[in-house]
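Report on the structure given below.
Quick note: the coordinates plus some simple rules give every number you see, no bench work behind them. As the structure is a computational prediction, the values presented were derived from the model and not from experiment. For neighbour counting, all protein chains shown are included, and Cβ atoms are generated from backbone atoms with ideal geometry for every residue, glycine included.
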């Protein structure tokens, strides 16, 4: 798996968790997502938005979050 494929897999995994939360009508945090996906703590522990609630209120917001995640991980090098 090359780096680009890894970034796509990560962003898709995060999106799927957010999509699941949206479909169930619950909020989540980045910390919850990283713990659920078992990402190594050293990769995310310094994130300043760890405990910020993620609110998705519509399909449009869900699609915007998907695009944001894709662009975020596409720009990591």
How high is the relative contact order of the chain, in percent, with contacts defined as C-alpha pairs under 8 Å that are six or more residues apart?
-> 45
Rank the residues 44, 30 as a footprinting-exposure proxy: fewest other Cβ atoms within 10 Å of their Cβ go first.
-> 44, 30
Relative to the chain, whose Cα atoms define the longest principal axis, helix 3-24 and its Cα axis are tilted in degrees, nearest 10, by 10
By counting other Cβ atoms within 10 Å of each Cβ, how are 39, 73, 49 ranked from fewest to most?
-> 49, 39, 73
Looking only at Cα atoms, what is the convex hull volume of region 3-72 per residue, in Å³?
-> 86
Taking other Cβ within 10 Å of each residue's Cβ, how do 26, 17 sort, fewest first?
-> 26, 17
Crossing angle, helix 59-74 versus the chain [Cα axis fit, 0-90 degrees, rounded to tens] = 10
